[in-house]
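Notes to accompany the following structure.
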Amino acid sequence: MKRLTLEEIGRRAGVSRSTVSRVVNGHRDVSADVKERVLAVVADTGYRPNSAARSLASSRTGVLGLVIPSNVHSLFDDPYFGRLIQGITKASNAADQTLALFLFEDEREETEMYPRVISNSLLDGLILTATRMGDPIVERLRVDGVPFVMVGRPDSDSIPYVDATNQRGAFDATMHLIEHGRRRLGSVAAPSNTTAGVDRRSGFMAALASAGIPLEEGLVVEGDFSERSGLEAMTRVLESEPDAVFCASDTMAVGALKAIARAGLRCPEDVALVGFDGLADANQTNPSLTTMYQPVVETGEAAVALLLDVVDLGSVAEPRKVLPTELIVRRSCGCSEEGLS
């Protein structure tokens, strides 16, 4: 008996192979009518879209890789990665894919493990987090022809990616502080060797420029996304006596609040604060942290959907998906109780 392929299912349903793939992989961007036709053919023919069948029909293994090329300790310290992995795992399971997680302690380990990860054809494709610009693993994946997508804007227009509106989010967060009448604004910035750091700093600077507020020396100090770096950077920023500070991550904002308290200052009365990511619970900090929320779980889900399209099609019509951010107003920015979320 001839084994059914995605092409045959598509011919019988009157759709393309890629559309069939999206249906059997659980993608959401398929109309109800098309989905119903494809599933009807699947039911009539007894086609089984499991990993074994996909592997036999299309040389697929049903295994996706997630590579986090950063220090392992930061992975477990930063709640961002936990939520991202949650979204990627959820979408992988829904699409009947197995997820393999690859962590590297340093660049040497990354270099040594790369051939073992790629050479045995275990993976259909990879999701790579954009933890730093100029990451050598990106070029290796491109040269080796490995299907991959990135979480976070890459420093190349040719790479498919999923990201949040980092620049616009930072602009809006900073403008919110300015609208409270704050005029000596500082920032605990994200690392300048990451595109998220570049975009969030750019948004912060654009907001100051639009309000005609000069940036004084010493009011921007870079952290590394950790709470400890937030405390240390904020301690230095406070030396320049800001009345408001934009923190480029919630984790650093938690450290910044500790620095404000240690300096004998009050938030938001003396120094107002806004974070970024939406990772801090309302009860986690005192005062509760106003933050620019980005949909991290949804980002992971979108990355899986994009990667499956890349694996199936080789290229995609819309290789960039940018998810919106939203300001969550709490106490640290100085809003009155009536205006809180």
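The values are calculated or read from the model by the stated rules, or taken from the named source; none is laboratory data. Since the structure is predicted, the reported quantities are computational estimates derived from the model, not experimental observations. Using ideal geometry, Cβ is built from the backbone for each residue, glycine included, and neighbour counts are taken over all protein chains shown. The area values use the complete protein model at the heavy-atom level, side chains included, leaving out ligands, DNA and RNA. Shrake-Rupley method; radii C 1.70, N 1.55, O 1.52, S 1.80 Å.
In summary, the aspartates and glutamates within cross-link reach of Lys321, defined as a Cα separation below 19 angstrom excluding same-chain residues under 8 places away, comprise Asp29, Asp155, Asp157, Asp163, Asp199, Asp277, Glu298, Glu301, Asp309, Asp312.
Let's test the formula: R0 of 22 Å, r as the Cβ-Cβ distance of Leu122 and Val143. What FRET efficiency results, to the nearest 0.05? Efficiency, from the Cβ-Cβ distance: 0.75. Considering only Asp155, Asp243, Asp44, give the residue with the highest GNM mean-square fluctuation for the chain, with springs between Cα atoms whenever their separation is below 10 Å. With Cα springs under 10 Å in the chain, the top fluctuation among Asp155, Asp243, Asp44 is at Asp44.
Here the simple spin-label model places points 7 Å from the Cα toward Cβ, and for Asn93 and Arg184 these points are separated by 5.1 nm.
When shorter helices are ignored and each DSSP H run of at least 4 residues is given -39500 (n - 2.57), the per-residue value for the chain at 222 nm works out to -14000 deg cm²/dmol.
Would you work out what percent of the accessible area of the chain, with all protein chains in place, is carbon or sulfur (probe 1.4 Å)? Percent of accessible area from carbon and sulfur atoms in the chain: 49.
A crude spin-label estimate for the pair Asp157 and Asn286, with each label 7 Å from Cα along the Cβ direction, gives 5.2 nm.
Couplings 3J(HN,Hα) of the stretch 127-140, computed from phi: 10, 10, 7, 7, 7, 7, 6, x, 5, x, 5, 5, 5, 5 Hz, in residue order, whole Hz [Karplus 6.51 cos²θ - 1.76 cosθ + 1.60, θ = phi - 60°; x for Gly and Pro]. Annotation: extensible slack from Glu241 through Arg168 equals 23.7 nm (criterion: 0.36 nm per residue apart, minus Cα-Cα distance). Values of log10 I(q)/I(0) for the stretch 240-302 across q = 0.14, 0.26, 0.28 Å⁻¹ run -0.40, -1.09, -1.23, by the Debye formula with one identical scatterer at each alpha carbon and no solvent.
When restricted to Cα atoms, the stretch 107-205 yields an Rg and a Dmax of 17.5, 59 Å, respectively. Pairs of C-alpha atoms in the chain farther apart than 28 Å represent 48 percent of all such pairs. When you filter the GluC sites (Glu not before Pro) in the stretch 242-341 for DSSP loop state and at most 10 other Cβ atoms inside 10 Å of their Cβ, you are left with Glu269.
Working note: Debye formula, equal point scatterers on the alpha-carbon atoms of the stretch 162-250, no solvent; log10 I(q)/I(0) at q = 0.22 Å⁻¹ is -1.05. Each label point was placed 7 Å from the Cα along the Cα-to-Cβ direction; for Ala211 and Thr5 their separation is 6.0 nm.
Measuring spread by the Cα atoms of the stretch 199-341 yields a radius of gyration and Dmax of 17.6, 58 Å.
A Gaussian network model of the chain, with springs between Cα atoms under 10 Å, assigns the largest mean-square fluctuation among Arg83, Arg182, Arg11 to Arg11. Applying 0.36 nm per residue to the separation of Ala100 and Thr61 and subtracting their alpha-carbon distance, the gain on full extension is 12.8 nm.
Over the chain, with a Gaussian network built from C-alpha contacts below 10 Å, which listed residue (Val304, Val23, Val296) shows the highest mean-square fluctuation? For the chain, modelled as a Gaussian network with Cα springs under 10 Å, the answer is Val23.
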